[in-house]
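A short worksheet on the structure shown next.
The values are calculated or read from the model by the stated rules, or taken from the named source; none is laboratory data. For clarity, every value in this text was computed on a predicted model and none was experimentally measured. Note that we place each Cβ from the backbone using ideal geometry, even for glycine, and neighbour counts take in every protein chain shown. Heads up: the accessible areas ignore ligands, DNA and RNA and are worked out on the full protein's heavy atoms, side chains in. Shrake-Rupley method; radii C 1.70, N 1.55, O 1.52, S 1.80 Å.
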Amino acid sequence: MEGQKEIRLSGSGGQGLILAGIILAEAAILDGKNVIQSQSYGPEARGGASKAEVIISNDEIDYPKVEQADLLLSLTQVSCDKYIDTLKEGGILVIDSSIEVLDDLPFNIIKIPILNTAIEKIKKPMVANIIALGAIQAITDVVSKSSLEASVLKRVPKGTEQLNRDALMEGYNLIKR
């Protein structure tokens, strides 16, 4: 990873993106990087737009907010529409297959079935956030696989470790395909 990476994870309240941001930040810390992590919810919390921001750097981080994201993850149309203008030109837009965007946007657009994979393959919609983290790791290598897995296993409820390990693998596989 060169320099500083600014990542915004967005979707609706209840999709676990705040937890995903914390997991990503902890994985970066395990990798020995400098990290700032923050989050915000829409006034509706569940169902409203929510976002988590993670800044990861090998150097000191000067400003604690994501201004122009290098990567934007959107799991809902509402969050994509709300935050797409904050993605830097040439940045990576990772969106769920259900989201519609114009083809001529100045981003590297990666459209993958995150929500459908959680529902159909894993049979647990709540692991979409972990699938998304696996995909982000496979796309960017911003954190190591070993640190990401360790951070996931530290943060998920006891008894769901294998479920979440499977979700992470599905995320990696969505990008390999």
Per-region count, the stretch 100-123, residues without any contact (Cβ under 8 Å) to a residue 12 or more places away in the chain and closer than 24 Å to G16 by Cα: 3
Every residue from the stretch 106-150 that is within 14 Å of the chain's Cα centre (by Cα) and of a type in the set (S, T, N, Q): N129, Q137, T140
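For the structure I just gave you, tell me whether G48 is over 13 Å from the mean Cα position of the chain (by Cα), within 15 Å of S10 (Cβ to Cβ), at pLDDT below 95 and open to solvent by less than 10 Å² (accessible area, probe 1.4 Å).
Yes: the conditions hold for G48.
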Any chance V142 is over 23 Å from S12 (Cα atoms) and in contact with a strand residue (DSSP E or B) (Cβ under 7 Å, 6 or more places away or on another chain): yes
Verdict on K65 being outside any loop (DSSP other than H, G, I, E, B) and open to solvent by 30 Å² or more (accessible area, probe 1.4 Å): no
Qualifying residue in the stretch 72-83 (condition: loosely packed, with under 15 Cβ neighbours inside 10 Å, under 22 Å from G13 (Cβ atoms) and of a type in the set (G, A, S)): no
Residues satisfying the stated conditions in the stretch 68-83, i.e. hydrophobic (A, V, I, L, M, F, W, C) and not in a loop (DSSP other than H, G, I, E, B): A69, L71, L72, L73, V78, C80
Subset of the stretch 5-18 that is modelled with pLDDT under 95 and open to solvent by 30 Å² or more (accessible area, probe 1.4 Å) - its residue that is nearest to L93 (Cα to Cα): Q15
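When you look at N34, is it modelled with pLDDT of 95 or more, over 23 Å from S151 (Cα atoms) and open to solvent by 50 Å² or more (accessible area, probe 1.4 Å), yes or no?
Taking the combined requirement at face value, the residue does not satisfy it.
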Residue list for the stretch 148-177, restricted to those being open to solvent by 10 Å² or more (accessible area, probe 1.4 Å) and touching a residue at least 60 places away in the same chain (Cβ under 8 Å): A150, K154, R155, L174, I175
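Anything in the stretch 84-106 that is open to solvent by 20 Å² or more (accessible area, probe 1.4 Å) and out of contact with any helix residue (DSSP H, G or I) (no Cβ under 8 Å at 6 or more places or on another chain)? List them, or say none. Explain how you work it out, then say what you get.
Just the residues of the stretch 84-106 that are open to solvent by 20 Å² or more (accessible area, probe 1.4 Å), to begin with: 84-86, 88-90, 92, 97-98, 100-106.
Correct list: I84, D85, T86, K88, E89, G90, L102, D103, D104, P106.
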